[in-house]
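S.K.: Below are the structure tokens for one structure; questions will follow.
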Amino acid sequence: MTASFVIDPPATASVAVDGSAERFPVRRIFCVGRNYAAHAREMGTDPDREPPFFFTKPADAVVDSGGAVPYPPETSNFHFEIELVVAIGQAGFRIPEGKALDHVYGYAVGIDLTRRDLQGQAKDTGRPWDWGKAFDLSAPCAPLHTVANAGHPAAGRIWLAVNDDVKQDADINELIWSVPEIISICSQSMRLAPGDLIYTGTPAGVGPMVAGDRVTGGVDGLGEIALTIGDPV
Ligand code: MN
């Protein structure tokens with residue numbers, strides 16, 4: 001039976017799929033913190049293999065590549081974080097590492113947009129990170145590449161440039177926690193479901209953007225992402 005609603009139900013958030021007119025519906029967005037050693041150091045923490053931690057963004061924070069993101073409110077330190085994104089296609093709970101990749105639909109290039117000043121205040125005061133991380137339009141995501149087309153990328157360049165000036169340049173083989181490990185660990189706490197995206201963490205070189213900046217980035221084998229920072233809302 002189809003439910004009826006007292007207001008119009010929200011639209012299903014989605015991301016593009018490379019080579020397809022159909023889109024991938026987004027259920028949840030998980031993000032891994034501090035998953036490259038050099039980035040952990042630049043954020044003032046020890047990159048030893050402490051267990052990974054996660055934070056989330058709302059599904060409708062996704063933005064297609066090629067779009068514009070207005071400079072968000074309540075910040076004066078708006079940062080980029082280029083990331084490898086994993087799209088979950090098969091549900092699973094307590095997934096063993098050796099089976100983790102069976103749950104992947106595909107991969108994409110994403111940017112974990114961050115209000116760094118609000119994140120810093122949250123860290124200092126022991127408050128949640130949401131206002132620093134989970135704001136509107138904070139999860140740009142380029143078209144997904146299916147496993148059938150792209151395989152399971154475990155090495156390759158990951159980079160980001162602002163106005164063609166390269167700011168982040170690393171290799172996804174430098175992930176402290178690999179994709180199978182991240183999926184397995186996340187699934188110990190949450191039943192992963194089709195439509196979940198996992199942003200796997202950013203390498204060193206994060207920094208600020210201003211209105212008018214053109215941001216580009218990529219991961220070898222997964223294409224590129226581009227967005228423009230618009231005037232403040
Ligand atoms: Mn991040």
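The values are calculated or read from the model by the stated rules, or taken from the named source; none is laboratory data. Only a predicted model underlies this, so the values are computations on that prediction, with no experimental measurement involved. Cβ coordinates were reconstructed from backbone atoms using ideal geometry, including for glycine residues, and neighbour counts include every protein chain displayed.
S.K.: Of the residues ARG27, ARG115, only one is in contact with a Gly (Cβ under 6 Å, 6 or more places away or on another chain), within 16 Å of the ligand (Cβ to nearest atom) and basic (Lys, Arg); which?
M.R.: ARG115
S.K.: Residues of the stretch 139-158 being within 14 Å of the chain's Cα centre (by Cα) and surrounded by fewer than 24 Cβ atoms within 10 Å (Cβ to Cβ), which ones?
M.R.: Of everything in the stretch 139-158, just one residue is within 14 Å of the chain's Cα centre (by Cα) and surrounded by fewer than 24 Cβ atoms within 10 Å (Cβ to Cβ), namely PRO143.
S.K.: Only one of ASP48, ASP8, ASP64 is away from the ligand (no atom under 16 Å from the Cβ), surrounded by fewer than 18 Cβ atoms within 10 Å (Cβ to Cβ) and touching a residue at least 40 places away in the same chain (Cβ under 8 Å). Can you tell me which?
M.R.: Going through ASP48, ASP8, ASP64 in turn, just one is away from the ligand (no atom under 16 Å from the Cβ), surrounded by fewer than 18 Cβ atoms within 10 Å (Cβ to Cβ) and touching a residue at least 40 places away in the same chain (Cβ under 8 Å): ASP64.
S.K.: So which residues in the stretch 173-195 are away from the ligand (no atom under 16 Å from the Cβ) and either among the acidic types (Asp, Glu) or in contact with a helix residue (DSSP H, G or I) (Cβ under 7 Å, 6 or more places away or on another chain) (or both)?
M.R.: Matches in the stretch 173-195: PRO180, GLU181, ILE183, SER184, LEU192.
Per-residue answers, yes or no, for (1) at pLDDT 95 or above; (2) within 23 Å of GLU97 (Cβ to Cβ); (3) not basic (Lys, Arg):
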site: LYS167; (1), (2), (3): yes, no, no
site: SER178; (1), (2), (3): yes, yes, yes
site: ILE185; (1), (2), (3): yes, yes, yes
site: PRO194; (1), (2), (3): yes, yes, yes
site: VAL206; (1), (2), (3): yes, no, yes
site: VAL210; (1), (2), (3): yes, no, yes
site: GLY217; (1), (2), (3): yes, no, yes
site: GLU224; (1), (2), (3): yes, no, yes
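S.K.: Residues in the stretch 36-77 that are over 14 Å from the mean Cα position of the chain (by Cα), of a type in the set (Gly, Ala, Ser) and not in a strand (DSSP E or B): how many?
M.R.: 7
S.K.: While we're on this one: Can you tell me how many residues in the stretch 182-197 are out of contact with any Lys or Arg (no Cβ under 7 Å at 6 or more places or on another chain) and crowded, with 16+ Cβ neighbours inside 10 Å?
M.R.: Number of matching residues: 7.
S.K.: So in the stretch 118-147, with the set limited to residues that are among the aliphatic types (A, V, I, L, M) and closer than 13 Å to ALA16 by Cα, which one is farthest from the ligand (Cβ to nearest atom)?
M.R.: LEU144
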